[in-house]
Amino acid sequence: MSAVVLYGPPTSGKDTVTAVLQAVDPRFRLVTKLKQGSGRSTGYRFVSAEELESLRRQNRIVVETRRYGNIYAVDRQSLTKPQDRGLVPVTHIGNVADMRTLLSGAQVQWLRVLLWVPRDVCETRSRQRGDTDTAKRLTAWDETAQDLLGSDLRNLFDLVVRTDRSDAERTAKDIAAAVDRAPQAVHPEDLLATLGLDPGPPARAHM
């Protein structure tokens with residue numbers, strides 16, 4: 001069965017694209033992540049430290065991430081239960097290490113999508129939507145850019161979309177179409193060129 005993982009910095013459109021994806025194709029369902037901490041509740045189920053630890057002991061946590069002072073986790077059953085009903089779960093991931101953990105920990109056929117916006121667009125979108133922590137969002141954008149530049153990107157992403165150049169409906173339709181065909185990983189150099197990130201000159205070997 002298939003599943004979709006969206007990777008990208010803040011304001012790249014993960015929530016917006018997922019909402020449109022669910023509207024244009026009823027197969028898709030957003031995974032409700034577990035959240036230990038505080039803040040926004042939309043898209044999350046709050047759990048206590050004790051409940052999260054219990055799920056860890058049951059081997060139900062596929063991946064967990066610490067950000068903004070909170071812990072975010074994906075429950076294995078949030079992936080398998082929709083698939084048992086013929087649906088396609090969609091989850092969001094914020095860094096390459098966690099993404100690889102997710103891909104290796106949940107044995108499904110993933111469509112791996114990278115959504116991207118430049119830093120100035122991230123700032124504009126954050127302010128327009130009324131974020132009170134835009135500075136933190138920009139720090140997260142910087143961290144995401146460095147994460148990509150410092151990671152092995154071979155065989156990691158099947159689809160790369162600049163959401164400042166493609167509207168949410170077009171992006172959602174592209175994702176839905178890609179789920180139904182055999183994925184082909186994007187070459188790292190092509191990926192970075194699409195994002196407008198410069199990997200810099202290759203390091204010289206020390207003599």
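The values are calculated or read from the model by the stated rules, or taken from the named source; none is laboratory data. None of the values given here were measured: they were computed from a predicted structure. Cβ: placed from backbone, ideal geometry, glycine included. Neighbour counts: every protein chain shown. Just the protein is used for accessible areas: all its heavy atoms, side chains included, with ligands, DNA and RNA removed. Shrake-Rupley method; radii C 1.70, N 1.55, O 1.52, S 1.80 Å.
Points to keep in mind about this one:
- Flag not set for Arg154, criterion: among the charged types (D, E, K, R), surrounded by fewer than 19 Cβ atoms within 10 Å (Cβ to Cβ) and assigned to a strand (DSSP E or B).
- Restricting attention to segment 94-132, the residues being of a type outside the set (Asp, Glu), part of a helix (DSSP H, G or I), more than 14 Å from the chain's Cα centre (by Cα) and surrounded by fewer than 19 Cβ atoms within 10 Å (Cβ to Cβ) number 7.
- Inter-residue pairs, beta-carbon under 7 Å, first more than 22 Å from Val17 (Cβ to Cβ) and without any contact (Cβ under 8 Å) to a residue 60 or more places away in the chain and in segment 37-56, second of a type outside the set (A, V, I, L, M) and open to solvent by 70 Å² or more (accessible area, probe 1.4 Å), 6+ apart: Gly37/Gly69
- Ala135 being under 18 Å from Leu6 (Cβ atoms), of a type in the set (A, V, I, L, M, F, W, C) and not in a loop (DSSP other than H, G, I, E, B): no
- Hey, Leu138 out of contact with any Leu (no Cβ under 6 Å at 6 or more places or on another chain), surrounded by fewer than 21 Cβ atoms within 10 Å (Cβ to Cβ) and of a type in the set (A, V, I, L, M) or not: yes
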